[in-house]
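The values are calculated or read from the model by the stated rules, or taken from the named source; none is laboratory data. It should be emphasised that the depicted structure is a prediction, and the values quoted were computed from it without experimental measurement. Ideal geometry is used to build each Cβ from the backbone, glycine not excepted, and the neighbour counts take in all protein chains shown. In case anyone asks, the SASA skips ligands and DNA or RNA and just uses the protein heavy atoms, side chains included. Shrake-Rupley method; radii C 1.70, N 1.55, O 1.52, S 1.80 Å.
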Amino acid sequence: MSDNNSHIAVIIITVLIVVLAAILAGLLILMFFSYTEKIYRKLFKRPKPLPQVDRSPKKIDRSTIIGRGKNWFYTFHNEWLGVRTTSFDGCKLSGYYRPSSDSTCRNMVILVHGYDESPAEMAAYARLMMRKVQCHCLITHMRGHGMSTGKNFTWGLMESVDLNPWFEFTRRRLGNNCRIYLVGRDVGATACLLAAQQKDFDRNVCGIIADSPMTSLTSYLKVTLPLSTKMSPDWIIGRVRKLASRDFGFDINRCDASSHASSIKIPVLIFQGGEDEVTPPSATRDIYDNLRCSKRMVIVNNAKHLDCYERSQAMYEREVQKFIESCLSRLAKLGRL
């Protein structure tokens, strides 16, 4: 009888252990789903509402090049015209347009900011380009940023296609023989590179300056996720990939500027921080190595993410000047000047 009771007790304990293990496993799965859903929303969903007016920040750090650019932008804000266009999916895109003092000028510089940045972050680059070449300037607000609509951000995929209506805007303003330079930083640079990989890429674009481009969303997550969790990045990426496929119908592996970089036909200048932990030099090198066009990659050894211009201003500006000259030389050979 005692042996029978012991046997029953063992069965009960075993069942309890199994039930507890199942409950614990269920809780862990729920925690995993909740955590990955949070990461997914942070990556793709944009906060609402967006501002109706772009007001100057109360305090701007003018000790940096980017800060001085912001201060210049808001000081002369009335010289920038607010412009609007519509993307392929009905998304209303905003931009700031500053006409050149030379009405006959046919050069347009289109500037694209990074993820979760304001368009004013690009003012320092606009100011630099205006010193190096007579040009009109257009600072775009990426979808879901600034005053552009859009509930989601797609890490360069839709944003690259969003450039097409801005190309059309440029042709309407400057004519079909206009010359367009793209300047992007962070994911804005990625969007420019992805746009240039499209088969019907606008022939008026004659060069791309990419500051710290994100190679791919997957590589970005593999670098940044270990900083906030001990969970395997591959597990999280797999779940995020499924959620994106469910909601948007695309594979996040397509957010990759390196895999089809060989399709780019126009000159590309890349700036990369040697101490960049967000877009590491080794990842950016993948983009550079796959390019088959005229290309140059400048690594600033002591620079972190988006810090190249700040760390080495004179060199940065010289490289931009040489790049523009090389683009003009190429256009002259093609008979397009």
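A crude spin-label estimate for the pair Thr229 and Glu325, with each label 7 Å from Cα along the Cβ direction, gives 5.0 nm. Give, as a single signed number, the net charge of other residues whose beta carbon lies under 11 Å from the beta carbon of Tyr97, with Lys and Arg counted +1 and Asp and Glu -1. Value of the local net charge: +2.
Residue ranges 101-113, 60-72, 212-224 sort as 212-224, 101-113, 60-72 when ordered by packing (mean number of other C-beta atoms within 10 Å per residue, highest first). Charge tally around Arg318: other residues with Cβ under 13 Å, Lys/Arg +1 each, Asp/Glu -1 each, net +1.
Bridge orientation summary for the chain: considering DSSP beta bridges with both residues in this region, about 30 percent are antiparallel. Of the peptides 270-283, 73-86, the ranking by mean beta-carbon count within 10 Å, highest at the top, reads 270-283, 73-86. Short-range pairs are left out: with C-alpha atoms under 8 Å and at least six residues apart, the relative contact order of region 54-145 is 32 percent. Placing +1 on each Lys and Arg Cβ and -1 on each Asp and Glu Cβ, with no other charges, gives region 204-312 a dipole about its Cα centre of roughly 320 debye.
Coupling constants for region 10-18 follow from the phi torsions by the Karplus curve (6.51 cos²θ - 1.76 cosθ + 1.60, θ = phi - 60°), and in residue order they are 5, 4, 4, 4, 4, 4, 4, 4, 5 Hz; glycine and proline get x. Within the shell defined by Cβ-Cβ distances under 12 Å, the residues around Asn301 carry a net charge of -1, with Lys and Arg each +1 and Asp and Glu each -1. The packing ranking of peptides 144-153, 232-241, highest mean first, is 144-153, 232-241, where packing means the average number of other beta carbon atoms within 10 angstrom of each residue. With a simple spin-label model that places each label point 7 Å from the Cα along the Cα-to-Cβ direction, the separation between Lys199 and Arg127 comes to 4.4 nm. Only lysines eight or more places from Lys333 in sequence, or on another chain, were considered; those with a Cα closer than 24 Å are Lys132, Lys199, Lys265, Lys295, Lys322. Of Lys92, Lys38, Lys58, the residue with the largest accessible area leads and the full order is Lys58, Lys38, Lys92 (1.4 Å probe).
Taken along the Cα-to-beta-carbon direction at a fixed 7 Å, the label points for Ile29 and Glu275 span 4.6 nm.
If the segment from Asn290 to Arg55 were pulled out straight at 0.36 nm per residue, it would be longer than the present Cα-Cα gap by 80.5 nm.
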